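Here is the structure we will look at, set down as structure tokens.
Please treat every number below as a calculation from the coordinates, not as lab data. Nothing here was measured: the structure is a model prediction, and the numbers come from that model. Neighbour counts run over all protein chains shown; Cβ positions are idealised from the backbone, glycine included.
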């Protein structure tokens, strides 16, 4: 009885301890990111990735920081290195969480970085891929506001380019805004971005 | 009761003990500095103990310091983009005041690449000069990948032939490979003065490497050049593609399920309506008609990729061409059926070994009628290949391979007075090995050796190959390449006589390349020496001809290439110039002379301009080739005269009607330059003792093309612009 109790306590305290470590680590990484130290945050997410090889959120955020900073990067050698890093971590996140719409959206953004870098070279090559990833994400999570928003943002871009009406996509943006209001993340540290962006897009394209 | 109390007490004790033990865990400090080889600090590097949360990021001076509760031996890892990760396993107590120098990662983008002789079309390649799109948006190419490559330096303008002639080499000296497996009959057969096209649709390829010399030991049986085509690994999405063209139509469909995908393409070309509208110089009884079907099946395994490619095409035409010796002209009829299949597998094995293996089979039947002669030939060829590659490190890679080529060629010849069947079996076994050594970001070498055994000649050949590259500044590099190359005499001779020897070429190449900011400049100086070329003494090769392999020759020159996608907004252009000096003594040449497929100066200018407001891409291309040699029997000498220079300007316009519909127009030789390919002289002189001649003009001076391309996909976004 005594041994059992001891074992249980040890076990619980052990779990509690590692939970805490993960949570403190993740929280610290978000704080760094908030403090505009994205690369330090990325480094910390990377350390958490290798300490917690089963989780998908740490590699997801390593990739996301690299992707976000890829927009606007002009140096091809630097961009290629960042994109390669992002790709590795997207793959790891995918291994740890299959059929995850959030990761598919990130992957679509990964291709969009290349299109933004050189539209002439990558536009035709990757736009089909981006579209297909958004389709897939939408099938997996039809009510995820981030999926709806990202897809609609992409569609508005294409429609504007071909001088077509953006109206059908405004409905999607509105729907995303409504869903953001009630959206509850599945877990702590789960992606939550997008509400502000959705309102911004609605303001500038749909009024 | 006592027991319970006791256990509560115990529990409290345990908890206290645990708390104490946690806070009492000793903290060890880990610290140091991270720099590059030359001492420059590296800020932002990730420093941590493997498998733990303990770590930090280096500061502006490359310094780091953190504490850990880990004890005993631990592995410290330091990683930073574009450097090789550093690992050190030591007792935590010893990980203090470390001075760590990271080695640069040689797999990163700014590492030197061996570029001598090679042009790549691909967007991930470091030496890419063409983009996959260019193959089909080059104005003069008309959707033929060979046509687009003819705008690169090192090629010569032989407009009536359509094949690739590289650096003074015959068209047969270029070999084509699909997924590294050889294609035996890459071109649709044609006849005099009618250019041929590549058989395979550019739709299916996403990587093209064109080497004009000094290529890897992996590729054999090519004296001058290799063209490597890679099929798309995995298609993006399911779609149906429809093409309606002034010369025919096409239909394509792609399906994806699980780890599998299948693409099927069919096309039908008939030049009858076109010839009605714009009659050319030939009198067609049966205008050119061809049907082609292709399919690619791909299956992704956990650690590998299998591709099976199959293509069938049937071509038929009949025409009468003018001939100075035949007042009624020469009637020529051709019927060709060609089947090609190619299966390849590439996969990762344990310990960084990689396996690449594949096989191809070709069955080609051609029936030709020339006036009264009937010639039927059948070629069955196969290629089997097995290659292993090992990455010992980022800096040292080895590959080993064996392969077998099998060719069974038969020909029937008959006319009213003569009947014969002849042919040959040409089997070649080969082995090759190659080492890639990257000493630093600045210096790399590649060494290869290839051995071949020809069963037909019972002879071995050994070909050493070597190349090296040195980076002279941030954006420019020098490369050197040397190699020996062997190739069996071509089918047109082997079918009559088999006791010959392999032809030989040696390449020496010096290359300079500058790349920066969407601009690329290349200059390449080369010398090529030929030996064992086929010679004979009759007017043309035949049964009773005595063939020898004692011909020789040389080619030397310099090639320039400039591409700029930066200086002018929405404008992308490239310029190629080649200077070629070549002579050879082969076939039935009485003396060494410049063959008629080689011209001294070649220039190509290709431009593409995107007009945003019109949703249109306008393409332009100018081809210039200086005159080519011909023999004028009215004067002394051999190949002593030259034709006038060749000029052609082509324009195209691709207009996006919507995301999925494209209208395409193109005109070749828009200014209608009068080009002369050569002259045909009468066999016998006229009453004045002069040999009369006929000018060989292209079959048509200009060519017009209109097409409508429509893509139907689930998402309604994809289009065929990249197929144009």
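In table form, for the structure just shown:
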read-out	value
Alpha carbon Rg of segment B:542-594, scaled by the compact-globule rule 2.2 N^0.38 Å	2.04
Alpha-carbon Rg with Dmax, taken over segment B:214-254, Å	17.5, 44
Cα-based equivalent ellipsoid, segment B:291-345: semi-axes from gyration tensor eigenvalues, Å	44, 9, 6
Length added when fully stretched, residue B:614-residue B:644, from 0.36 nm per residue minus Cα-Cα	6.9 nm
For chain B, calculated [θ]222 nm from helices alone, where every DSSP H run of n ≥ 4 adds -39500 (n - 2.57)	-1500 deg cm²/dmol
Cβ-based exposure ranking for B:99, B:441, in which fewest neighbours within 10 Å come first	B:99, B:441
Average partner coverage of A:43-51, which counts Cβ from other chains inside 10 Å	6
Gyration tensor over alpha-carbon atoms, chain B, equivalent ellipsoid semi-axes in Å	58, 29, 27
Acute angle (nearest 10 degrees) that the helix B:2-24 long axis makes with the longest principal axis of chain B, alpha-carbon atoms	60 degrees
For segment B:288-406: span of alpha carbons on each principal axis (Å, largest first)	71, 27, 23
Bridge type composition, the protein assembly as shown - antiparallel percent by DSSP, nearest 5	95 percent
Estimated FRET transfer efficiency when R0 is 60 angstrom, pair residue B:419-residue B:687 (beta carbons, to 0.05)	0.95
Additional length obtainable on full extension of the chain from residue B:101 to residue B:255, 0.36 nm per residue less Cα span	50.4 nm
Distance cut-off 49 Å, percentage of C-alpha pairs in the protein assembly as shown lying past it	32 percent
Cα-based Kirkwood hydrodynamic radius, segment B:332-472, one decimal, Å	18.6 Å
16 Å tail of the calculated P(r), segment B:15-101, as % of Cα pairs	52 percent
Inter-centroid distance (Cα atoms) of segment B:278-305 relative to segment B:349-374, Å	15 Å
Projected area averaged over orientations for segment B:485-541, convex hull of C-alpha atoms, nm²	6.2 nm²
Fraction of alpha-carbon pairs over 17 Å apart in segment A:23-128 - percent	53 percent
Average partner coverage of A:122-132, which counts Cβ from other chains inside 10 Å	6
Among beta bridges that DSSP assigns inside segment B:118-723, antiparallel share in %, nearest 5	95 percent
Zone residues, segment B:226-266, relative to residue B:705, backbone N less than 18 Å from point 7 Å out along Cα-to-Cβ	B:242-252, B:266
Whole-percent pair-distance distribution, where bins are 10 Å wide, for the alpha carbons of segment B:605-665	19, 28, 18, 15, 12, 7, 1
Virtual spin-label span in nm between residue B:278 and residue B:657, 7 Å along Cα→Cβ	2.2 nm
Antiparallel bridge percentage (DSSP; both residues within segment B:15-101; nearest 5)	85 percent
Length gained when the stretch residue B:374-residue B:514 is fully extended (0.36 nm per residue, less Cα-Cα span)	45.0 nm
Kirkwood hydrodynamic radius of chain A, from inverse mean 1/r over distinct Cα pairs, in Å	18.7 Å
Packing-based exposure ordering (other Cβ within 10 Å, fewest first) of B:244, B:30	B:244, B:30
Cβ-derived FRET efficiency at R0 56 Å, residue B:474 paired with residue B:712, nearest 0.05	0.75
FRET efficiency, 1/(1 + (r/R0)^6) with R0 22 Å, evaluated for residue B:596 and residue B:670 via beta carbons	0.25
Where a label projected 7 Å from the Cα of residue B:579 along Cα→Cβ would reach, residues of segment B:508-524 with amide N under 16 Å	B:510-512, B:522-524
